[in-house]
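Notes to accompany the following structure.
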Amino acid sequence: QVQLAESGGGLVQAGASLWLSCRFSGGNLNKNFMGWFRQAPGKEREFVASIHWIGGIADYTGSVKGRFTISKVNAENTMYLRMVDLKPEDTAVYYCAAGDRRTTNPRNYDLWGRGTQVTVSS
């Protein structure tokens, strides 16, 4: 059974930076895309970024373009999200996910981690 596990969240002040990591284990991923989503209390789960596992095509939601960078190290079974200039509105639980389609819809992702909390104070 393939599992995804996020790490790297924390409590930071506005303007700070964080690295998030997502590593899969337990077998081959067998998915074409991996992505990051976030969910703030009382709000819907929101697409953040995704990357094609082989080709490296990356997509971002508009609110994070220029501040967040998605990357991967295939040999380490790991995807990263580099976040800079964090803002209070970035506060959310960040989830790692994997799926077969290039999409922003979380319903099209089949595998999910448990999430890591990112809190940005003013």
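The values are calculated or read from the model by the stated rules, or taken from the named source; none is laboratory data. Everything numeric in this text was worked out from a predicted model, so none of it was measured. Using ideal geometry, Cβ is built from the backbone for each residue, glycine included, and neighbour counts are taken over all protein chains shown. When the accessible area is computed, the model is the full protein with side chains, heavy atoms only, and any ligands, DNA or RNA have been set aside. Shrake-Rupley method; radii C 1.70, N 1.55, O 1.52, S 1.80 Å.
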**Prompt:** Can you name every residue in the range 68-98 that is open to solvent by 40 Å² or more (accessible area, probe 1.4 Å) and either touching an Asp or Glu at 6+ places or on another chain (Cβ under 8 Å) or charged (D, E, K, R) (or both)?
**Reply:** K72, E76, R82, D85, K87, E89
**Message:** Looking at the range 79-91, can you tell me whether even one residue there is over 15 Å from E6 (Cβ atoms) and part of a strand (DSSP E or B)?
**Reply:** no
**Asked** In the range 12-31, what residues are surrounded by fewer than 12 Cβ atoms within 10 Å (Cβ to Cβ), more than 17 Å from the chain's Cα centre (by Cα) and over 19 Å from Y109 (Cα atoms)?
**Response** Q13, G15
**Request:** Mind listing just one residue for me: the one in the range 1-11 that is part of a strand (DSSP E or B) and more than 22 Å from R102 (Cα to Cα) and, of those, most open to solvent (accessible area, probe 1.4 Å)?
**Result:** L11
**Message:** Give me the residue from the range 68-77 that is of a type in the set (A, V, I, L, M, F, W, C) and in a strand (DSSP E or B) and, out of that set, nearest to the chain's Cα centre (by Cα).
**Reply:** I70
**Prompt:** List, please: which pairs have Cβ atoms under 6 Å, are six or more places apart or on different chains, and start with a residue in the range 20-32 that is at positive phi and end with one that is surrounded by fewer than 18 Cβ atoms within 10 Å (Cβ to Cβ)?
**Reply:** G26/Q1; G26/V2; G26/Q3; G27/V2
**Asked** Got a number for residues in the range 40-67 being in a strand (DSSP E or B), open to solvent by less than 60 Å² (accessible area, probe 1.4 Å) and either touching a residue at least 24 places away in the same chain (Cβ under 8 Å) or over 19 Å from A98 (Cβ atoms) (or both)?
**Response** 7
